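Encoded as structure tokens, the structure appears first; notes follow it.
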Amino acid sequence: MLDKSASLKLLYVTPEKLAKSKRFMAKLEKMYQAGRFSRLVIDEVHCCSQWGHDFRPDYKFLGIMKRQFPEVPILGLTATATTKVLEDVKKILNIPNCHLFKASFNRPNLFYEVKAKPSAFKETISEMVELIDKRFRNQSGIVYCFTQKESEEVTRELRQQGIKTGCYHASIPAKQKSQIHEMWLADKILVIVATVAFGMGIDKPNVRFVIHHSISKSMENLYQESGRAGRDEQRSDCIVYYRFADVFKQSTMVFTEQTGLDNVYGVMSYCLDISKCRRASIARHFGELWDKSQCNRMCDHCNKDTEGEKRDVTKLGLNVLTILDQASATDQRITALKLLDAWEGKGAGSLKVRGLDPPKVSRDKLERIIGHMLLQGFIREDFHFTPYSTISYLVAGAKANLLKSESAKLAVEFLNKRKSLPTQNSNTDNSPSSQSDHKPLAKQNDTKPKLVVINSENSKFSNFTGTSTNQSSQDENDFTKTKKSGKLKRKKPVIDDSDSDDLDFGEEFKRKPAMKKKSSRDTRYSKSERISGSHSNNCSNSESLNGNLCESNEAESGDDSDVIIENVKKSKAIMIDSE
């Protein structure tokens, strides 16, 4: 580090190492004095901010670097930071006058879609298999799952359906993960089923689809994970399977984070929306201007011939509050599932309200109404934890009295009207049945997002492009209908098992030894505990020193130390301080 004639040019280190090692910091000071410390590059710089989706406390330690090494230029890189996060990062790193280069978040070759997730696991798998058969036969893709167990179950089911699949999560030994990754890159495995551990350093150009089996914990995560599709600029699909119950799986994991619930509700809002352009939702989240006509029918909403109509469902909302009030009066806690049952006249008799008739609407519409009541603050989640789990209950929210006093209305959008589709730039059929060939996008002068220099006080701009691609229909000769259900069934497997021996799994899914979980009392989290995260499922000290992240008992993979150079190319925001 101190020898000027040494071949060492780049040194990779985690913020956790800088924060914990005084000896290492002393070495850096000697490097600085010897003129060997020429630049500090911070990848994933959004982790500095508590408003970011992946806040890591030791990133804040980097704020002293400008004071300790004032002549060293700082380069910060991120692909997923909102305007608010970027402003916070500049303050934390003490670089208020840095130059900010920001590229558009629009990926014109990605088709965004949200699908209703069936309540039964087997039915979800059946739909997913049919989707892969019809749209992505012999194509490479990623399926993201919420937990390690879920990823293993999905992998097992897809293999049984003849799809060559590999499983990837933090508890799989490093050698096996590396083997799976290499086989996926070589197309010996076409589908990777993974947790968020499958992320850093993943750069396969021809990924045709990214499917979220469950929702992500934030829009930033959703955008980042979906963005691993279509890096060769060919048509690729980003699909989210949304189920109301999955919201509470996420919320119970992240509510101790400062912005955890807001982030999850942001994804829920994205999924519940039935008419707004998906790109408009993403652009608004990241503080960009957007004209939906530029989408070019590259999302499910812009590509359909129906539109939403807002309806006043205040009466139904008051019914929900009546049930919650009765539960509170009888000292009962009520989950979202129990609330739905009580609303439909099912379940425990003590939760049924006399004189309240079950609504004559489908359960999925009732779930939609409750979801919007959560988003609008008429109800809220109340978290309790047992020695084995955290449970979310529903109670009246801060705005409940406004609804009761008729000072506010509850309006929810439902599909209703037909609409005329926007004109496309070319004769392109973007319907799901025509998305199998994935030909390159039509050449344009401005296909790739450009980096734009912007001032911190004027950070909103429009730099989106919309392009189209010609797609041919999938040949469905390989499908037949079953006599009983009438559903499509594959005549032959998507992929044969001729290469199955190339991957030595040993036991089906080898795991690293699991750490024992600490138990907790059955009590509520206080507001201060939520903000400080004192009861969150944090990483152990040893994991923190290694720079790993805890995410639903998962650790973000940080093995690929050479990815920072490639990330400069992909970053959507670059901060440069050259003072």
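Computed from the coordinates by the stated procedures, all read-outs in this text should not be read as laboratory data. Bear in mind that the values here come from a model prediction, so they are computed numbers and not experimental data. For neighbour counting, all protein chains shown are included, and Cβ atoms are generated from backbone atoms with ideal geometry for every residue, glycine included.
For beta carbons closer than 9 Å, sequence separation of 6+ or different chains, a first residue in the stretch 12-36 that is on the phi > 0 side of the Ramachandran plot and a second that is exposed (fewer than 13 other Cβ atoms within 10 Å of the Cβ) and of a type outside the set (Gly, Ala, Ser), the qualifying pairs are Gly35/Lys4. Would you say Leu93 is surrounded by 21 or more Cβ atoms within 10 Å (Cβ to Cβ) and over 25 Å from the mean Cα position of the chain (by Cα)? So Leu93 fits the description; yes. Within the stretch 345-378, no residue satisfies the criterion of being in a helix (DSSP H, G or I), more than 23 Å from the chain's Cα centre (by Cα) and in contact (Cβ under 8 Å) with a residue 60 or more places away in the chain. Test Glu381 against the criterion of being assigned to a helix (DSSP H, G or I), closer than 27 Å to Met253 by Cβ and of a type in the set (Asp, Glu), and give yes or no. Answer is no for this residue.
Counting residues in the stretch 120-136 that are of a type in the set (Val, Ile, Thr) and in contact with a strand residue (DSSP E or B) (Cβ under 6 Å, 6 or more places away or on another chain) gives zero. For the stretch 318-334, the condition of being of a type in the set (A, V, I, L, M, F, W, C) and under 30 Å from Glu220 (Cβ atoms) holds for none of the residues. Would you say Ser293 is under 31 Å from the mean Cα position of the chain (by Cα), within 26 Å of Thr390 (Cα to Cα), surrounded by fewer than 20 Cβ atoms within 10 Å (Cβ to Cβ) and among the small types (Gly, Ala, Ser)? No.
Within the stretch 9-31, being within 29 Å of the chain's Cα centre (by Cα) and over 17 Å from Gly63 (Cβ atoms) holds for one residue alone: Tyr12. Annotation: of all residues in the stretch 327-344 being among the β-branched types (Val, Ile, Thr) and under 22 Å from Ser251 (Cβ atoms), the one that is farthest from the chain's Cα centre (by Cα) is Ile334.
When the stretch 209-236 is limited to residues that are more than 12 Å from the chain's Cα centre (by Cα) and surrounded by fewer than 24 Cβ atoms within 10 Å (Cβ to Cβ), the one that is nearest to Val45 (Cα to Cα) turns out to be Arg231. Could you list, in sequence order, all residues of the stretch 87-101 that are touching a helix residue (DSSP H, G or I) at 6+ places or on another chain (Cβ under 8 Å) and outside any loop (DSSP other than H, G, I, E, B)? Residues satisfying the conditions are Asp88, Val89, Ile92, Leu100.
Selection of strands (runs of 3 or more DSSP E) fully inside the stretch 185-278 by the criterion of at least 2 residues being within 30 Å of Arg311 (Cβ to Cβ) returns 236-242.
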